[in-house]
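Okay, so here's the structure we're looking at.
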Amino acid sequence: MNTDFEQKIWRAGIEKYSYSEKEWKELIKALLDDFQQFIDQSFERTLEAEIDVLNPQSPSFSQWIWTQEEKPSPLSIVWTGVIGGQMVGTENGEDFFQVSLTLFLFEAADKKRICLTTGESVLEFTFERDTESHGYWRGHGWREDEWGEWEDVAYE
């Protein structure tokens with residue numbers, strides 16, 4: 001990813017100025033392009049991201065993505081997901097802008113949601129900063145939907 005974009009992500013919500021909606025759209029596109037390279041798989045995107053820049057110290061965004069449909073076989077899997085960014089706090093009281101991406105897997109033939117028998121139902125990824133301020137995607141594996149916010153997600 002472009003270093004300028006990475007620096008904008010690390011400074012989001014902290015700068016004395018806010019980014020325009022156009023700048024956020026460019027950042028989101030760059031993040032999704034980078035995620036596409038990370039997973040080495042093409043996917044579709046909603047036409048517009050939901051972007052909230054009303055409060056410059058607390059910007060947020062989200063955008064849905066999904067796999068490109070192919071001819072389903074009994075072993076095929078499709079997925080949908082949402083990328084989101086928002087300010088989060090740390091235990092020591094510092095705020096930072098966090099970008100996460102949540103994926104939901106489905107059987108391709110009948111679109112049944114795939115969940116583990118132990119309760120985990122989503123795959124989580126975050127865009128993180130390394131020691132040299134470069135960004136990278138980190139997979140966290142299967143996670144539970146702690147607050148039940150994703151129970152009704154379907155592949156349409």
message: Given (1) in contact with a strand residue (DSSP E or B) (Cβ under 6 Å, 6 or more places away or on another chain); (2) surrounded by 13 or more Cβ atoms within 10 Å (Cβ to Cβ), identify the lone condition not met by residue 96.
response: (1)
field: Whichever residue in region 116-135 is under 14 Å from residue 3 (Cα atoms) and among the small types (Gly, Ala, Ser) and, among such residues, is surrounded by the most Cβ atoms within 10 Å (Cβ to Cβ)
entry: 135
- prompt: Just wondering, is there one or more residues in region 77-84 that are hydroxyl-bearing (Ser, Thr, Tyr) and more than 19 Å from the chain's Cα centre (by Cα)?
  reply: no
query: Where residues in region 99-115 are under 14 Å from the mean Cα position of the chain (by Cα), closer than 17 Å to residue 150 by Cα and hydrophobic (A, V, I, L, M, F, W, C), which of them is surrounded by the fewest Cβ atoms within 10 Å (Cβ to Cβ)?
result: 103
task: Just give me the residues in region 118-139 being more than 23 Å from residue 12 (Cα to Cα) and either in contact with a strand residue (DSSP E or B) (Cβ under 8 Å, 6 or more places away or on another chain) or at pLDDT below 90 (or both), in sequence order.
output: 120, 121, 122, 123
- prompt: For region 51-74, how many residues are surrounded by 12 or more Cβ atoms within 10 Å (Cβ to Cβ) and either small (Gly, Ala, Ser) or touching a residue at least 60 places away in the same chain (Cβ under 8 Å) (or both)?
  reply: 4
message: I'd like the residue in region 115-139 that is among the acidic types (Asp, Glu) and in a loop (DSSP other than H, G, I, E, B) and, out of all such residues, is nearest to residue 82 (Cα to Cα).
response: 120
field: residue 26 vs. criteria in contact with a Phe, Trp or Tyr (Cβ under 8 Å, 6 or more places away or on another chain) and surrounded by 14 or more Cβ atoms within 10 Å (Cβ to Cβ)
entry: yes
query: With respect to residue 15, is the statement that it is closer than 22 Å to residue 1 by Cβ, exposed (fewer than 14 other Cβ atoms within 10 Å of the Cβ) and at pLDDT 95 or above true?
result: no
task: Could you please tell me which pairs satisfy a Cβ distance under 7 Å, a separation of 6+ or placement on different chains, a first residue in region 30-50 that is over 18 Å from residue 61 (Cα atoms), and a second residue that is part of a strand (DSSP E or B) and of a type in the set (A, V, I, L, M)?
output: 43/65
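The values are calculated or read from the model by the stated rules, or taken from the named source; none is laboratory data. Because the structure is a prediction, the values reported are computed rather than measured. Ideal geometry is used to build each Cβ from the backbone, glycine not excepted, and the neighbour counts take in all protein chains shown.
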